[in-house]
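Readers should treat all values here as calculations from the given coordinates under stated rules, not as data from a laboratory. For clarity, every value in this text was computed on a predicted model and none was experimentally measured. Glycine gets a Cβ as well: all are built from the backbone with ideal geometry, and neighbour counts include every protein chain shown.
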Amino acid sequence: MNDNDVLRRFLFEAAPVRGVSVRLDATWRAVLMRHDYPPAIRQLLGELMAAVALLSATLKFEGRLVAQLQGHGPVTLLVVEATSQRTLRAIAHWNEEPKRYDLAAMLGDGRLVITVEPEGGGERYQGIVELAGDTVAETMSNYLMQSEQLGTHVWLAADDQQAAGLLIQKLPSDATAEDADLYNRVVHLAETITVPELLELPARDLLRRLFHEEDVRLFETEPVCFRCTCNRDRVASMLRALGSEEVHSILLEQDRVEVACEFCNQKYRFDAVDVEQLFATDMSPGTPGTFH
Ligand SMILES: [Zn+2]
């Protein structure tokens, strides 16, 4: 069994407290293979990727879950996208290489934006929080506490090989819970985790190490992988949105229109014939530049 690219959910039997553990190995390296990130940005992006994997396991959704860390510092944007098929992709933009991992210094006046885009065009959900604390883990814990009104703690780690995370969440319950102190106790135990343990231990060993005196029900392993959701149709829609005039002017300058997906580096090329086809059915009145 591959324990390297997996999500595992678990429940504490004594009180309504749940958890998720994630380890990303090939999934994370697929991101690092495509772009060369400075160490501090690499850590930030790996932590955000693990955090989004955890978040995707706690939410019920069909479609895409997108997390953006937006800022005005040396780092301007991080995007991690998860799908309900348990695929992930990620990208970071920066103007200057940050000196070290410091969330506030890297992103300046930043915020975390979470968007859920249901498949087939249902209603989008969007939640926004200001950056809290010094780490992605604190910001994500804060987001979950605000958006779900549930006590939540998140631990994250990333290096140049792996990204990993652990989430503990207190579920709603009536006051008659038999072990009311369980949540505080397991959070306290989880605080003792070290970065190497988080990165290296499979879920079962990690939970045994942290909670060996607690009764934990561990669910089936759920595989996670890197996959880009770009395709030619989506690029074609983007070019149509750009407008015929703009696209034709690129064609005139460069003899063809080439668009590269920044998540996976896949190149999409449109020659003169392709461009004519793109706009052939575009008869909508008032579209600028349609008839020249
Ligand atoms: Zn792509």
### Task
Please report, largest first and rounded to whole Å, the three semi-axes of the ellipsoid equivalent to the stretch 1-112, where each semi-axis is the square root of five times an eigenvalue of the C-alpha gyration tensor.
27, 16, 13
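Counting alpha carbon pairs within less than 8 Å and at least 6 residues apart, what relative contact order, in whole percent, applies to the stretch 1-148? All intermediate terms of the calculation are to be shown ahead of the outcome.
Details: 269 pairs, mean separation 27.8, N = 148.
Result for the stretch 1-148 is 19 percent.
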### Task
Pull up all non-local amide H partners of VAL6: gap of 5 or more, or a different chain, and H-to-H distance under 5 Å with H placed in the peptide plane.
ARG23, VAL224
### Task
Using a 10 angstrom cutoff on alpha carbons, build the Gaussian network for the chain and name the most mobile of LEU182, LEU252, LEU207.
LEU252
### Task
Identify which of LEU218, LEU103, LEU112 has the largest mean-square fluctuation in a Gaussian network model of the chain, with springs joining Cα atoms closer than 10 Å.
LEU218
### Query
Which of ALA157, ALA51, ALA236 moves most in a GNM of the chain, Cα contacts under 10 Å?
ALA236
### Query
Taking the stretch 232-280 as the region of interest, what is the percent of Cα-Cα pairs per 10 angstrom bin, listed from the shortest bin to the one with the maximum distance?
27, 60, 13
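Using Cα pairs closer than 8 Å and at least 6 residues apart in sequence, work out the relative contact order for the chain, in percent.
Working: 556 pairs, mean separation 65.3, N = 292.
Once divided by the residue count of the chain, the mean separation gives 22 percent.
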### Query
What's the long-distance tail for the stretch 120-234, i.e. % of Cα pairs beyond 22 Å?
50
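Counting Lys and Arg as +1 and Asp and Glu as -1, each charge on the Cβ, what is the dipole of the stretch 19-162 about the Cα centre in debye, to the nearest 20? List each step's numbers first, then the result.
Numbers: 12 positive and 18 negative charges, 61 e Å.
The dipole magnitude comes to about 300 debye.
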### Message
Projecting each Cα onto the charge dipole of the chain (Lys/Arg +1, Asp/Glu -1 at the beta carbon, about the Cα centre), which of GLY110, LEU207, GLN277 comes out farthest on the positive side?
### Response
GLN277
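Just how large is the dipole of the chain about the Cα centre, in debye to the nearest 20, putting +1 at every Lys and Arg Cβ and -1 at every Asp and Glu Cβ? Walk me through the numbers before you get to the answer.
Numbers: 28 positive and 45 negative charges, 69 e Å.
Here the size comes out at about 340 debye.
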### Query
Which cysteines does the chain leave without a neighbouring Cys Cβ under 4.7 Å?
CYS225
### Query
Rounded, prolate or oblate: which one fits the stretch 6-226, using the alpha carbon gyration tensor with axes a ≥ b ≥ c (rounded when a/c is under 1.5, else prolate when a/b beats b/c, else oblate)?
prolate
#### Entry: Charge-dipole axis of the stretch 6-226 as Lys and Arg at +1 and Asp and Glu at -1 on Cβ define it, positive-most pick from LEU218, GLY120, ALA92
GLY120
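With runs of 4+ DSSP H residues as the only contributors, calculate the mean residue ellipticity of the chain at 222 nm using -39,500 (n - 2.57) per run, divided by the residue total and rounded to the nearest 500. Write out the running numbers ahead of the final one.
Numbers: 10 runs with 102 residues, N = 292.
The helix contribution divided over the chain gives -10500 deg cm²/dmol.
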### Summary
Row for the stretch 105-184, column shape: gyration tensor on C-alpha, a ≥ b ≥ c, rounded if a/c < 1.5 i.e. under 1.5, prolate if a/b over b/c, else oblate; value oblate
### Message
Show me the ranking of peptides 117-123, 65-71, 138-144 by mean Cβ neighbours inside 10 Å, starting with the highest.
### Response
138-144, 65-71, 117-123
### Query
What's the angle, to the nearest 10 degrees (0 to 90), between helix 39-58's Cα axis and the longest principal axis of the chain?
70
